[in-house]
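> Below you'll find the structure I mean.
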Amino acid sequence: MDLQTIRYKLNNITDERGLSSERKYLSMSQIGDCPRGLYDQLVASIDGTARRSIGKEHQFALDKEIKAAVRERLRVVELLRAWETFEIVASFNGALDDRVRGHLDGEFEDGALLHVKPTRVETLDAIRNNPRYNIPRRHFEQVQMYLRHGEYDCARIVYIARENGDLWLSEIHADERTQDRLDEKAQNVLIAVERREPPVCICRRHSTEIPRPPRRAERILVDAAPAPKIDPRAWQKLKHVRHR
Ligand SMILES: [Zn+2]
């Protein structure tokens, strides 16, 4: 058996099981992302044009395995009353909307939600070493969605560092204002997807193919009225002369 065959089979099975890019719904775990990113990803999944990355699938699969291992240990020490992952569907104004879904990790004996978060060691250290440091905004927002739509008041996040297995826990409580804001954000992304009107990128990482009508219109106006045209090369020369 050659190494390439092993690698090929390993990649294939991970790809089959992962399917992280095939989710045709807005995942609560990603609610902290840029609206344009959420839109692009959802549209690509619906249209079947999402790009698959085997590295991403391996990471996704490993995170799932880490989460399962932590849940299993918490179950053995009898801290959990629910330890199977379960899916929740969002509800807006009393109506279920399965275009927004989340996957919960389990429940503690006292009714608090469990969320296991595999993370980088730097993130875990930052949370652990600075008592005034809040958990990262993305994590906070993700868990707020779980609290609202899973109907919990409190969640405990078990952070586990992928590199060295360090553990840390944070507790967060339901924050209604954040939850309202996130519900609105999710609904706006869904409306944008329905209308195929990409929201503006707020993180500067997503392509903005939005046409810029004002500039184009200006150019047309200038062309329409026979304004004196300056040859750019002549202009360059002029500037050159002036600088000298
Ligand atoms: Zn963006």
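The values are calculated or read from the model by the stated rules, or taken from the named source; none is laboratory data. Small disclaimer: the values here were computed from a predicted structure and weren't measured. As a convention, Cβ positions derive from the backbone with ideal geometry for all residues, glycine included, and neighbour counts pool all protein chains shown.
> Quick one: in the range 135-173, which of the residues that are over 21 Å from residue 87 (Cβ atoms) and assigned to a helix (DSSP H, G or I) is modelled with the lowest pLDDT?
Out of the qualifying residues, it is 137.
> Just one of the numbered conditions (1) at pLDDT 95 or above; (2) among the hydrophobic types (A, V, I, L, M, F, W, C); (3) within 16 Å of the ligand (Cβ to nearest atom) is not true of residue 191; which one?
Single failed check for residue 191: (3).
Conditions (1) part of a helix (DSSP H, G or I); (2) within 16 Å of the ligand (Cβ to nearest atom), marked per residue:
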| position | (1), (2) |
| --- | --- |
| 16 | yes, no |
| 24 | no, no |
| 33 | no, yes |
| 36 | yes, yes |
| 45 | yes, no |
| 49 | no, no |
| 66 | yes, no |
| 78 | no, no |
| 99 | no, no |
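> Considering only residues that are over 17 Å from residue 142 (Cα atoms) and among the polar types (S, T, N, Q), look in the range 42-93 and name the one that is surrounded by the fewest Cβ atoms within 10 Å (Cβ to Cβ).
93
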